[in-house]
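The values are calculated or read from the model by the stated rules, or taken from the named source; none is laboratory data. No experiment lies behind these values; they were computed from the predicted model shown. Every residue, glycine as well, gets a Cβ built from its backbone with ideal geometry; the counts of neighbours run over all protein chains shown.
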Amino acid sequence: MSAPGTIVSALPAQRIAGLDADFWRRVLIALAVMIAVLLPWAVSDYRVFQFTQAAIYAVALLGLNILTGYNGQISLGHGAFFAIGGYAAAILMHKLGVPYYLTIVPAGLAAFAVGVLFGLPALRLEGLYLALVTLSMAVATPQFLKYFDHWTGGSQGILLRKPAAPLWLPIGRDRWLYYQVLIVLLIAFWAGSNLLKSRTGRALVAIRDHPISAAAMGINLPLYKTCAFGVSALFTGIAGAMAAIVTGFVAPDSFNVFLSISFIVGSVVGGIATVSGAIFGGIFIQFIPNIANQISDAAPWAIYGMFLLGFMYVMPKGVAGFIKERAIRYRQARESADADEAR
Amino acid sequence: MTAALKIATDALLEVRGVTVRFGGIVALDNISFTVAEGQIAGLIGPNGAGKTTAFNVLSRLYKPSEGAVRFAGRSLLALGAHQIAGAGIGRTFQNLALFRSMSVLDNVIVGAHARGKSGFLGNAFRASLGRREERELSETARAMLTFVGLDHLAERPIASLPFGTQKRVELARALASKPRLLLLDEPAGGLNHEEVAELSGLVRRVRDGLGITVLLVEHHMAFVMGISDKVVALDFGRVIAEGPPAEVRCDERVIRAYLGKAEG
Ligand SMILES: Nc1ncnc2c1ncn2[C@@H]1O[C@H](COP(=O)(O)OP(=O)(O)O)[C@@H](O)[C@H]1O
Ligand SMILES: [Mg+2]
């Protein structure tokens, strides 16, 4: 996969209205968090549940973006890591009686372990070959889950008790779940963006941009590529665990190939080599199928396809890439306007 | 005899009997040469002589079928490609090999990767080691950009810069690991007259100011003869001359090798 024209830190440290760009970035993040906190009080319970799922998808997509967007390893099989996280949480709760909030970290670690195991053979594969092998993982997932029915409950799946809000908190179950997912999302995005801005993140991008040169700079390719697979799976596995908790149910057929394809669609539509793109992608894969259904009962997938085409036509670098580009252009326009004034 | 031995043990880099084959082609045929600490050494030869292949052996990108390479008293062939920078060898590439989505500064910071230690977990949770490193690495990177005269372009996307400037960024990136030995593969390639003159001064300052030994591959004869303390000439994968530039320039086999080809 060629580098999707990312802007890692190419923005000059410029000032807008006397304050630097980093300040404005923080303001935007604070605003977004505020909207996310207030959102459940502006919409119905059903919508709150939908936004919870969009947030869960966003965490899953962040994992995929790290691997495919930043490190250049294509995965068409991330639904499998979502399933591993979901089933790990479900089995811990159902079979071992672990409280739901204690299942998220172990579920993520289980996905991490499988991700690392998968990352090892992936070292020998590139581009389309890796895409096909990960796709085969997605294809096989439901059958694997059915096969180990002693643990997974076979095709029936596992039914879980949905956690209720504590009695002293009069907010209802949906909002309670929403806020817990939001907290996990904030931690995940904080850690993810720290990682990508660091020595490690630059090494991941260097490997994607020019592997030979990256090795000559001292970057241990097998180590970083394998860890990228593991960390990516960790995020997606955590998302899977949250999905199991909020829907109160896991079954093999909810982790089919289409889920994996939806993930890559969401990543690309949101902006695959960005952090914030995962949020837009999560919203896309949660809401666009519904909207398509509302527009046409008869041919919802045709409508979905048209949405997809429309998004990629207008924003080929994804929603986040589009916003970044606009911001740069706006700045350049202001700069030249300022320069004209000074003349 | 004793003098020869002394030179051999004093050498910072010692290539001995290295052979590299690609299928039927013998790209390097039993080559040996040394580079002493503090030298600027030139590796010359017509196109296809095996110069880049020799660099790729030193970078551990190619594995020689025979021979040994010692650097600062240790065997390089025991190391992996990613351990070469940490061992003290930096390099640039014949064709630009920058990280094209990154800014100039980030490119150079990646050059200092081998000087850092922080990992996935510490970086994700902003542990103090990672933050301190981040400061140190970006200070080193900025210093190197200043050294090559490009500090004012630090924040620019690398892809937006002209070829000659990108080559200088590559040099800064190689310097960011603070190497003992710097390998430059055709640093003057594609540069204009002025840029070549500037480059000579820059390479001298790398040796004199930073104390880094330099081994450079070059086609540009005036440049390489003017700057090198010693020159090694290759032809068809063999060393045909080794010595001071004035001697190598007059060597019959070197003249023949270059006259036999269309271009020098
Ligand atoms: N990766 C490779 N695979 C096959 N042949 C190669 C490879 N690299 C170099 N060669 C061959 O080795 C010989 C030396 O090439 P090279 O070292 O690039 O020469 P120079 O840098 O001196 O121009 C050439 O004949 C070239 O075709
Ligand atoms: Mg060459």
I need the full set of residues from the stretch B:74-99 which are surrounded by fewer than 18 Cβ atoms within 10 Å (Cβ to Cβ), in contact with a helix residue (DSSP H, G or I) (Cβ under 9 Å, 6 or more places away or on another chain) and either touching a residue at least 40 places away in the same chain (Cβ under 8 Å) or not hydrophobic (A, V, I, L, M, F, W, C) (or both), in order please. B:Arg74, B:Gly80, B:Gln83, B:Gly86, B:Gln94, B:Leu96
Considering each of A:Val275, A:Val268 in turn, give the residue that is outside any helix (DSSP H, G or I) and β-branched (Val, Ile, Thr). A:Val275
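Does B:Ser138 qualify as being out of contact with any Gly (no Cβ under 7 Å at 6 or more places or on another chain), among the hydroxyl-bearing types (Ser, Thr, Tyr) and more than 7 Å from every other protein chain (Cβ to nearest Cβ)? Walk me through it before giving the result.
Details: out of contact with any Gly (no Cβ under 7 Å at 6 or more places or on another chain): yes; among the hydroxyl-bearing types (Ser, Thr, Tyr): yes; more than 7 Å from every other protein chain (Cβ to nearest Cβ): yes.
When the stated conditions are applied, B:Ser138 passes them.
Is it true that some residue in the stretch B:23-34 is closer than 30 Å to B:Arg205 by Cα and within 13 Å of ligand 1 (Cβ to nearest atom)?
So the first thing to find is which residues in the stretch B:23-34 are closer than 30 Å to B:Arg205 by Cα, and the list is B:31-34.
When the remaining residues are screened for being within 13 Å of ligand 1 (Cβ to nearest atom), the result is B:31.
The answer is yes, given that some residue of the stretch B:23-34 is closer than 30 Å to B:Arg205 by Cα and within 13 Å of ligand 1 (Cβ to nearest atom).
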Of the residues in the stretch B:85-108, how many are within 7 Å of chain A (Cβ to nearest Cβ) and assigned to a helix (DSSP H, G or I)? 3
Qualifying positions in the stretch B:62-81 - away from ligand 1 (no atom under 12 Å from the Cβ) and either assigned to a loop (DSSP other than H, G, I, E, B) or within 14 Å of another protein chain (Cβ to nearest Cβ) (or both): B:Pro64, B:Ser65, B:Ala72, B:Gly73, B:Leu76, B:Leu79, B:Gly80, B:Ala81
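Each row is one residue, and each column tells you yes or no for (1) surrounded by 24 or more Cβ atoms within 10 Å (Cβ to Cβ); (2) at pLDDT 95 or above.
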residue	(1), (2)
A:Ile171	no, no
A:Arg175	no, yes
A:Phe189	no, yes
A:Leu195	yes, yes
A:Ser198	yes, yes
A:Ile212	no, yes
A:Ala215	no, yes
A:Leu223	no, yes
Does B:Asp29 qualify as being more than 16 Å from ligand 2 (Cβ to nearest atom) and surrounded by fewer than 15 Cβ atoms within 10 Å (Cβ to Cβ)? no
Given (1) more than 16 Å from ligand 1 (Cβ to nearest atom); (2) at pLDDT below 95, B:Asn47 misses just (1)
Exactly one of these conditions fails for A:Ser254: (1) modelled with pLDDT of 95 or more; (2) away from chain B (no Cβ under 14 Å). Give me its number. (1)
All but one of (1) over 26 Å from B:Val206 (Cβ atoms); (2) assigned to a loop (DSSP other than H, G, I, E, B); (3) away from ligand 1 (no atom under 16 Å from the Cβ) hold for B:Gly17; state the number of the condition that does not hold. (2)
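Of the residues in the stretch B:61-120, how many are β-branched (Val, Ile, Thr) and at positive phi?
Residues of the stretch B:61-120 β-branched (Val, Ile, Thr): B:69, B:84, B:89, B:92, B:104, B:108-110.
Then keep just the ones that are at positive phi; that gives none.
Matching residues across the stretch B:61-120 total 0.
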In the stretch A:179-196, residues that are within 28 Å of A:Thr68 (Cα to Cα) and in contact (Cβ under 8 Å) with a residue 40 or more places away in the chain total 12
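Surrounded by 20 or more Cβ atoms within 10 Å (Cβ to Cβ), within 16 Å of ligand 1 (Cβ to nearest atom) and within 8 Å of another protein chain (Cβ to nearest Cβ): does that describe B:Ser59?
Numbers: surrounded by 20 or more Cβ atoms within 10 Å (Cβ to Cβ): yes; within 16 Å of ligand 1 (Cβ to nearest atom): yes; within 8 Å of another protein chain (Cβ to nearest Cβ): yes.
For B:Ser59, the condition - surrounded by 20 or more Cβ atoms within 10 Å (Cβ to Cβ), within 16 Å of ligand 1 (Cβ to nearest atom) and within 8 Å of another protein chain (Cβ to nearest Cβ) - is met.
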Condition first: surrounded by fewer than 20 Cβ atoms within 10 Å (Cβ to Cβ), modelled with pLDDT of 95 or more and among the polar types (S, T, N, Q). Can you find one or more residues in the stretch B:10-25 that meet it? yes
Taking the stretch B:227-255 only, how many residues are away from ligand 2 (no atom under 16 Å from the Cβ), touching a strand residue (DSSP E or B) at 6+ places or on another chain (Cβ under 7 Å) and not in a strand (DSSP E or B)? 9
Going through the stretch B:55-75 in order, the residues found to be in contact with a strand residue (DSSP E or B) (Cβ under 7 Å, 6 or more places away or on another chain) and closer than 16 Å to B:Thr213 by Cβ are B:Phe55, B:Leu58, B:Ser59, B:Val69, B:Arg70, B:Phe71, B:Ala72
Considering only helices (runs of 4 or more DSSP H) fully contained in the stretch A:69-186, which possess at least 3 residues that are under 30 Å from A:Val205 (Cβ atoms) and charged (D, E, K, R)? none
Pick from B:Ala97, B:Ala114, B:Ala87, B:Ala68: which is more than 16 Å from ligand 2 (Cβ to nearest atom) and farther than 23 Å from B:Arg135 by Cα? B:Ala68
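Would you tally the residues in the stretch A:202-227 being more than 7 Å from every other protein chain (Cβ to nearest Cβ) and touching a residue at least 40 places away in the same chain (Cβ under 8 Å)?
Residues that pass the stated criteria total 7.
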Residue, nearest to ligand 2 (Cβ to nearest atom), within the stretch B:185-226, restricted to residues that are β-branched (Val, Ile, Thr) and at pLDDT 95 or above: B:Val217
